[in-house]
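**Q** Provided herewith is a single structure, encoded as structure tokens, for subsequent inquiry.
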Amino acid sequence: MAQVDGAPRPGAALGQACIFKLVLLGSGSVGKSSLALQYVKNDFRSILPTVGCAFFTKVVDLGAASLKFEIWDTAGQEKYHSVCHLYFRGANAALLVYDVTRKASFCKARQWLKDLEEEFHPGEVVVMLVGNKTDLNQEREVTFEEGREFAESKGLLFMETSAKLNHQVTEVFSAVARELLQRQEKKEGQRQQGDARLALNETPPGRGRCCAH
Amino acid sequence: MESAGRAQAARDRVPRIDPYGFERPEDFDYAAYEEFFSTYLAILTRRAIKWSRLLKGGAGVQKSMTLKRYIRKGVPLEHRARVWMGVSGAQAQMDQNPGYYLHLLQGEKDDSLEEAIRTDMNRTFPDNVRFRKGSDPCLQRTLYNVLLAYGHHNRGVGYCQGMNFLAGYLILVTRSEEESFWLLDALVGRILPDYYSPSMLGLKTDQEVLGELVRTKLPAVAALMDSHGLLWTLVVSRWFICLFVDVLPVETVLRIWDCLFNEGSKIIFRVALTLIKQHQALILEATSIPDICEKFKEITRGSFVTECHTFMQKIFSEPGSLSRASIARLRERCRARLLAQG
């Protein structure tokens, strides 16, 4: 398998951006594909439900550094859960998306987090909780505070977005990109100091090891 | 300049909305379509005459070698519902269970099933004018009923995304709620082996089977997939789940379904193998996973798939022999392997 160990893949040539794999997870119709489409193509329209998985790439320029995202957009329906698991493999980052007007989708995001925790070592993957559809503020069922508190309690990044109005969409991906680069720099720093704990990345994808939640 | 003029003329002549209610995409190639359609129209006319003769007298549709040959050459739209109903056994089921469909709709409803179906109503064919809110009649209600009835009829499956596209096409072809229900039952319950059940084992199996067939028939493509560790599900899941709806042009999909209802799920492999074989060189140019994904999208577009009559001839010649027994063997082997992996 390519990219089994979850480490970012260096660009083919020197000076090319590192490639990070990002998966979009969440219930059906929360706006996963819309976020991806808005971010990658600056477009918002009625999108068919994703069956299986869709795939996008985008280069993120952060001024001093740049990286390339491989964005894997997954089907939200419960039925596709067992298929979607395949797409987790080798992910560097995950967006857990819920719909701020649907409490159930927020609960589902928590469930997805558990799944991620079963699949990865702590800190191995950058996770951001994303509350989408802030344009439907009147119908809100999940407050900003609820989202933020949950994210903080689990050590996740957190933002609210509107894919429809293109509000905070780029910010979400940029924040994840910055976090990824910071973690990578930190790791490289530690590696140079010969820190043995850093063997983490060389182990096969984490099965059987759970976070203490 | 001349070709630009021709393109514009074709644009003026060909309706923006196709006969099924779909708006043609922005980048639709009107000139190429018109050229194809002028030839296809002659074929359609010839076939329509032959079919009228075959179905004269209004008797039931009997499976036969003649019928198989006729179906492979395309069922005219006006006979499609009747032929699909006949060869798939849906008609027999409907006749044996009068009132059953209405009974399902009148019974007690499962809330979560209703919710799941409702979520997808506005997302099924937003590019089709007949499925839009406010259209008259609006097919959203019809679609909702068919899916709801089916979810209660087959509780093991309930509603699985993808079925909305299948039901949507059935409704467009049959224009009948009850017939669409029984045809959906034929597809999900009998023709497709276990695609939409909770574990989706049949779907996963068939994706693996395609992988094995490619390994035998087009080893270079299999080697490319292996070298990138790419799973077939990533590039072909839509092909299987949606039976090419929203993957290939509408007319081509319906021609494929003609054979699918009559000959069974083997047809899906024929189509997939033909697409891959035809574009083998293009696929092999790919040097990365995103590249491969892009190529697999590219091969579902263009004149090769739009020209449905030639395409359907190719699916029966290009992939070579594909016996029912060898598919069954492969399915058994892949299924066992998947179960062993857990």
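No lab work stands behind these numbers, since they all come straight from the coordinates. Remember, it's a predicted structure, so these values are computed and weren't measured experimentally. Ideal geometry is used to build each Cβ from the backbone, glycine not excepted, and the neighbour counts take in all protein chains shown.
**Q** Once you put a point 7 Å from the Cα of A:LYS187 and another 7 Å from the Cα of A:SER82, both along the Cβ direction, what distance in nm separates them?
**A** Rounded to a tenth, the inter-label distance reads 3.2 nm.
**Q** Also: State the antiparallel share, in %, of DSSP beta bridges confined to the protein assembly as shown, rounding to the nearest 5.
**A** Values: 13 of 36 bridges.
Roughly 35 percent of the beta bridges in the protein assembly as shown run antiparallel, per DSSP.
**Q** Now for a different question. Which far-off residues, 5 or more places away or on another chain, put their amide H under 5 Å from the one on A:LEU129, with H placed in the peptide plane?
**A** Under 5 Å from the amide H of A:LEU129: A:LEU96, A:LEU157, A:PHE158, A:MET159.
**Q** Just to confirm my numbers, what's the Cα centroid distance between the range B:69-109 and the range B:263-305 in Å?
**A** With the range B:69-109 and the range B:263-305 each reduced to a Cα centre, they are spaced 31 Å.
**Q** Right, next: Going by the alpha-carbon gyration tensor, a ≥ b ≥ c the square roots of its eigenvalues, is chain B rounded (a/c under 1.5) or, if a/c is not under 1.5, prolate (a/b greater than b/c) versus oblate?
**A** rounded
**Q** Pull up all non-local amide H partners of A:ARG89: gap of 5 or more, or a different chain, and H-to-H distance under 5 Å with H placed in the peptide plane.
**A** So A:ARG89 has HN proximity to no qualifying residue.
**Q** On to the next question. So which lysines pass the test for B:LYS63, namely a Cα distance under 20 Å, with those fewer than 8 places away in the same chain ruled out?
**A** B:LYS50, B:LYS73, B:LYS266
**Q** Sticking with this one: Could you check the simple spin-label distance between A:ARG140 and A:GLU118, using points 7 Å along Cα→Cβ, in nm with one decimal?
**A** That separation, rounded to one decimal, is 3.3 nm.
**Q** At 222 nm, what value in deg cm²/dmol follows for chain B if DSSP H runs of at least 4 each add -39500 (n - 2.57) and the sum is divided by all its residues, to the nearest 500?
**A** -20500 deg cm²/dmol
**Q** Here is a follow-up. Indicate the gyration tensor shape class of the range B:2-78 (rounded, prolate or oblate), computed on the Cα atoms with a ≥ b ≥ c the square roots of the eigenvalues: a/c under 1.5 is rounded; otherwise a/b larger than b/c is prolate and the rest oblate.
**A** Note, shape of the range B:2-78 comes out prolate.
**Q** Now a separate question. Using the Karplus equation 6.51 cos²θ - 1.76 cosθ + 1.60 (θ = phi - 60°), what ³J(HN,Hα) coupling, rounded to whole Hz, does each residue of the range A:121-129 give in order, writing x for Gly and Pro?
**A** Using θ = phi - 60°, the values come out as 6, x, x, 6, 10, 7, 10, 10, 8 Hz.
**Q** Right, something else. Taking a point 7 angstrom from the Cα of B:GLU23 along the C-beta vector, which residues in the range B:102-135 have backbone N less than 13 Å away?
**A** So the set is B:125-133.
**Q** Also, I was wondering about something else. Over the protein assembly as shown, with a single point scatterer placed on each C-alpha, what log10 of the ratio I(q)/I(0) does the Debye formula yield at q = 0.08, 0.09, 0.10, 0.11 1/Å?
**A** These q points yield log10 I(q)/I(0) values of -0.58, -0.74, -0.91, -1.10.
**Q** Looking at B:LEU282, B:THR252, A:TYR39, which one has the Cα that reaches farthest to the positive end of the dipole of the protein assembly as shown (charges on Cβ: Lys, Arg +1; Asp, Glu -1)?
**A** B:THR252
**Q** Got a sec? Charge dipole of the range B:93-191, +1 on Cβ for Lys and Arg, -1 for Asp and Glu; which of B:TYR144, B:PRO126, B:PRO98 is way out at the positive end?
**A** Positive-end residue among those listed: B:PRO126.
**Q** Exactly which trypsin sites (Lys or Arg not before Pro) in the range A:24-114 are in a DSSP loop and have at most 15 other Cβ atoms within 10 Å?
**A** A:ARG45
**Q** Something else: Can you give the convex hull volume per residue for the Cα atoms of the range A:18-188, as a whole number of Å³? Each step should come with its number before you reach the end.
**A** Details: hull volume 18.6 nm³, N = 171.
Spelled out: Cα convex hull of the range A:18-188, divided by residues, is 109 Å³.
**Q** Could you list the GluC sites (Glu not before Pro) in the range B:261-342 that lie in coil according to DSSP, counting only those with at most 15 other Cβ atoms within 10 Å of their Cβ?
**A** Loop-located and lightly packed - B:GLU285.
**Q** Is there a simple number for the mean count of other chain Cβ atoms within 10 Å of the Cβ of residues in A:25-37, and what is it? Walk me through the intermediate numbers first.
**A** Values: counts 0, 0, 1, 6, 7, 1, 0, 0, 1, 0, 0, 0, 0.
Mean partner shielding for this stretch: 1.
**Q** Restricting attention to the range B:86-192, which GluC sites (Glu not before Pro) occupy a DSSP loop and are surrounded by at most 10 other Cβ atoms within 10 Å?
**A** Details: sites: B:GLU108, B:GLU114, B:GLU115, B:GLU177, B:GLU178, B:GLU179; in loops: B:GLU108.
Hits after loop and neighbour filter: B:GLU108.
**Q** Could you please rank B:MET94, B:MET312, B:MET121, placing first whichever residue has the fewest other Cβ atoms within 10 Å of its Cβ?
**A** Taking fewest neighbouring Cβ atoms as first place, the list is B:MET121, B:MET94, B:MET312.
**Q** Let me ask another. Distance in nm between label sites at B:ILE43 and A:THR170, each 7 Å beyond Cα in the beta-carbon direction?
**A** For the pair B:ILE43/A:THR170, the computed spacing is 4.8 nm.
**Q** Relative contact order of chain B: what whole-number percent is it, with Cα pairs under 8 angstrom and at least 6 residues apart?
**A** 16
**Q** Mind listing the phi-derived Karplus ³J(HN,Hα) values for the range A:95-103, rounded to whole Hz, using 6.51, -1.76 and 1.60 with θ = phi - 60°, and x for any glycine or proline?
**A** 9, 9, 9, 10, 9, 5, 9, 9, 3
**Q** Another one. Residue by residue, what Karplus-based ³J(HN,Hα) values in Hz, rounded to whole numbers, does the range A:146-157 have, using 6.51, -1.76 and 1.60 with θ = phi - 60° and x for Gly and Pro?
**A** Calculated HN-Hα couplings, in order: 4, x, 5, 4, 4, 4, 4, 4, 10, x, 9, 6 Hz.
**Q** Further, regarding this structure: I need the shape label for the range B:201-341. Rule: rounded when a/c is under 1.5, else prolate if a/b > b/c, else oblate, with a, b, c from the alpha carbon gyration tensor.
**A** oblate
**Q** What does the charge dipole of the protein assembly as shown about its Cα centre add up to, to the nearest 20 debye, if the Cβ of each Lys and Arg holds +1 and the Cβ of each Asp and Glu holds -1?
**A** It comes to approximately 1880 debye.
**Q** Report, in listed order, any pair from B:LYS204/B:LYS314; A:LYS21/A:LYS58; A:LYS21/A:LYS68 with a Cα-Cα distance greater than 18 Å.
**A** B:LYS204/B:LYS314, as the Cα separations exceed 18 Å there.
**Q** Quick one: which residues, 5 or more positions from A:ALA75 or on another chain, have an amide H under 5 Å from its amide H? H modelled 1.01 Å from N in the peptide plane, none for Pro or chain starts.
**A** A:GLY52
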